[in-house]
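Below is one structure, written out as structure tokens, with a few remarks after it.
The values are calculated or read from the model by the stated rules, or taken from the named source; none is laboratory data. No experiment lies behind these values; they were computed from the predicted model shown. Positions of Cβ are generated from backbone atoms using ideal geometry, with glycine treated the same way; all protein chains shown enter the neighbour counts.
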Amino acid sequence: MVSAAQAGYGKAKLSRAQLRVADRDWMQMTKGLFADRVAVVTGSTQGVGAEVARMFAREGGAGVLICGRNSANGEAVAAEVAALGAKAHFVAADLCDLGQVREIVPTALRVFGRVDHLVNSAAITDRGNILDTSPELYQQTLDLNLR
């Protein structure tokens, strides 16, 4: 048994297994919250989703799949993420189109080899109330915001 004092943890005694866990946790903290992880972030071409993608890279993420409808924005966010040190790949996808949705994760697996995190940030925010919202807008909102 190694003392915690020897390891810098005060006077408590820690087993070697506990020290390994502490070392792993310390390495994780110093490398960043998402060290060596891969994320798919939908709606990451602007707003909250784009900031989530950038934050993921700043926190040590290994890869981020940028996903959204706006190609120019998506490529720009991917470049920002790459500049922060994470591998980045953009996929143009409209989440209202189920065929496009079904290509997102397989693309991430091809590019990165795995997916550790999924952030669903895509949404539409068209406004309306029960009297003036069309059934089509209602359905589009559900289709996008709940996928």
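Would you please name the residue that is nearest to GLN139 (Cα to Cα), looking only at residues in the range 73-110 that are of a type in the set (A, V, I, L, M) and out of contact with any strand residue (DSSP E or B) (no Cβ under 7 Å at 6 or more places or on another chain)? I'd like the intermediate steps shown before the answer.
Filtering the range 73-110 down to residues of a type in the set (A, V, I, L, M) leaves 76-79, 81-84, 86, 88, 91-93, 95, 98, 101, 104-105, 108-109.
Filter once more, so that each one left must be out of contact with any strand residue (DSSP E or B) (no Cβ under 7 Å at 6 or more places or on another chain): 76, 79, 83-84, 92, 98, 101, 109.
Working: ALA76: 30, ALA79: 34, ALA83: 38, LEU84: 38, ALA92: 22, LEU98: 14, VAL101: 17, LEU109: 30 Å.
Looking at residues that are of a type in the set (A, V, I, L, M) and out of contact with any strand residue (DSSP E or B) (no Cβ under 7 Å at 6 or more places or on another chain), I get LEU98.
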- Has the range 56-72 got any residue that is touching a helix residue (DSSP H, G or I) at 6+ places or on another chain (Cβ under 6 Å), surrounded by fewer than 22 Cβ atoms within 10 Å (Cβ to Cβ) and farther than 18 Å from ASP143 by Cβ? yes
- If VAL52 satisfies every condition in (1) at pLDDT 95 or above; (2) over 11 Å from the mean Cα position of the chain (by Cα); (3) not acidic (Asp, Glu) but one, which is the exception? (2)
- Item | Matching residues in the range 88-121 - criterion: being in a loop (DSSP other than H, G, I, E, B) and either in contact with a helix residue (DSSP H, G or I) (Cβ under 6 Å, 6 or more places away or on another chain) or β-branched (Val, Ile, Thr) (or both) | ALA93, ASP94, LEU95, CYS96, VAL115, SER121
- Within the range 124-141, is there a residue that is out of contact with any strand residue (DSSP E or B) (no Cβ under 9 Å at 6 or more places or on another chain), under 17 Å from GLY68 (Cα atoms), surrounded by fewer than 17 Cβ atoms within 10 Å (Cβ to Cβ) and of a type in the set (Gly, Ala, Ser)? no
- Message: Pairs needed: first member in the range 123-137, of a type in the set (Ser, Thr, Tyr); second member anywhere, surrounded by 10 or more Cβ atoms within 10 Å (Cβ to Cβ); C-beta distance under 8 Å; at least 6 residues apart or different chains.
- Response: SER134/GLY128
- Query: Only one of (1) surrounded by 14 or more Cβ atoms within 10 Å (Cβ to Cβ); (2) modelled with pLDDT of 95 or more fails for ALA7. Which number is that?
  - Reply: (2)
- Any hit, the range 29-37, residues being in contact with a helix residue (DSSP H, G or I) (Cβ under 8 Å, 6 or more places away or on another chain) and hydroxyl-bearing (Ser, Thr, Tyr): no
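Taking the range 113-135 as the search range and keeping residues that are of a type in the set (D, E, K, R) and modelled with pLDDT of 85 or more, which one is farthest from THR42 (Cα to Cα)? Explain how you work it out, then say what you get.
Start the filter on the range 113-135 by keeping residues that are of a type in the set (D, E, K, R), which leaves 114, 116, 126-127, 132.
Then keep just the ones that are modelled with pLDDT of 85 or more; that gives 114, 116.
On the way: ARG114: 16, ASP116: 14 Å.
The qualifying residue farthest from THR42 (Cα to Cα) is ARG114.
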